[in-house]
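Asker: Starting off with a structure, shown below.
The values are calculated or read from the model by the stated rules, or taken from the named source; none is laboratory data. Since we're looking at a predicted model, the values are computed, not measured. FYI the Cβ positions are ideal-geometry reconstructions off the backbone, even for glycines, and counts take in every protein chain you see. With ligands, DNA and RNA removed, areas are computed over all heavy atoms of the protein, side chains included. Shrake-Rupley method; radii C 1.70, N 1.55, O 1.52, S 1.80 Å.
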Amino acid sequence: MRLRNIPRAESVLANSEMVIKDERHFRGKWNSEIFHNNHPLHIEVGMGKGQFILTLAEQNPDINYIGIERYSSVLLRAVEKLEVTSDSSSEETVTLHLPNLRFICMDATDLPEVFAENEVSRIYLNFSDPWPKARHARRRLTSAEFFARYDKILIPDGTVEFKTDNRDLFDFSTEQLETSDIWKMTACTYDLHHDPAMNEGNVMTEYEEKFSSMKHPINKLIAARK
């Protein structure tokens with residue numbers, strides 16, 4: 001599916017204080033220079049329209065969150081979610097500022113250039129692009145190549161949480177972990193919403209709401225180092 005370009009996206013993101021523009025400058029300094037605290041740092045790679053990470057940031061003020069999205073026209077939707085009318089009698093909008101949340105428009109291949117060793121506590125991957133053609137397998141966010149990138153930025157007991165409705169992609173992901181010398185699965189389910197233990201506290205993404213309403217089972221795994 002071709003992504004629709006939104007001409008105003010670039011200017012809106014450039015003027016938003018929630019979007020970090022010179023992200024490589026803050027490598028190793030996200031907490032000290034952006035969040036000004038020592039809270040754990042969680043990132044969502046491929047955040048889409050932002051419902052998941054905005055909800056987490058609201059629920060967990062003692063955790064710092066960074067949402068990463070490659071496409072400016074998609075990230076625009078997340079920024080716009082922070083725009084709300086000031087009251088019912090006015091059309092004036094105000095920006096909801098979550099001090100523990102920032103966004104970056106970047107490609108996930110650059111993660112080790114943006115985050116330092118032991119800087120990130122958790123990585124969320126939600127309904128990632130399946131890249132179905134075999135020749136594109138290395139582009140999948142759960143490929144061995146991407147797990148090598150995650151290994152460079154996660155703290156020793158850091159985790160990767162992955163959700164998808166795409167069974168082929170999920171099977172590929174579990175195979176990547178089962179053959180890894182570094183990673184292991186600490187939890188796995190093929191039907192998240194009917195798994196009481198793993199579904200506890202689950203925050204749904206826009207895609208998750210859509211697919212679950214269509215009775216698609218949601219797969220989830222949690223990975224950590226061996």
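Asker: If you scan region 14-34, which residues turn out to be open to solvent by 60 Å² or more (accessible area, probe 1.4 Å) and part of a loop (DSSP other than H, G, I, E, B)?
Answerer: The answer is Asn15, Glu17, Lys21, Asp22, Arg27, Lys29.
Asker: Just to verify a result, which residue in region 124-165, among those that are open to solvent by 50 Å² or more (accessible area, probe 1.4 Å) and closer than 26 Å to Lys215 by Cβ, is nearest to the chain's Cα centre (by Cα)?
Answerer: Selected residue: Asp129.
Asker: Criterion first (assigned to a strand (DSSP E or B) and of a type in the set (Phe, Trp, Tyr)) does Tyr150 satisfy it?
Answerer: So Tyr150 does not fit the description; no.
Asker: Is there a residue being touching a helix residue (DSSP H, G or I) at 6+ places or on another chain (Cβ under 8 Å) and not in a loop (DSSP other than H, G, I, E, B) anywhere in region 2-10?
Answerer: Scanning region 2-10, I find at least one residue that is touching a helix residue (DSSP H, G or I) at 6+ places or on another chain (Cβ under 8 Å) and not in a loop (DSSP other than H, G, I, E, B), so the answer is yes.
Asker: Of everything in region 73-102 that's modelled with pLDDT of 70 or more and assigned to a loop (DSSP other than H, G, I, E, B), which residue is surrounded by the fewest Cβ atoms within 10 Å (Cβ to Cβ)?
Answerer: Applying the filter and picking the extreme gives His97.
Asker: Let me ask something else about it. Looking at region 35-67, which of the residues that are free of Cβ contacts under 8 Å to residues at least 60 places away in the same chain and not in a loop (DSSP other than H, G, I, E, B) is nearest to the chain's Cα centre (by Cα)?
Answerer: Gly67
Asker: If you go through region 192-214 one residue at a time, do you hit one that is of a type in the set (Ser, Thr, Tyr), open to solvent by 40 Å² or more (accessible area, probe 1.4 Å) and outside any helix (DSSP H, G or I)?
Answerer: No: region 192-214 contains no residue that is of a type in the set (Ser, Thr, Tyr), open to solvent by 40 Å² or more (accessible area, probe 1.4 Å) and outside any helix (DSSP H, G or I).
Asker: Quick check on Pro156: is it of a type outside the set (A, V, I, L, M), in contact (Cβ under 8 Å) with a residue 60 or more places away in the chain, farther than 27 Å from Glu58 by Cβ and not in a helix (DSSP H, G or I)?
Answerer: Yes; evaluated as a whole, the condition is true for this residue.
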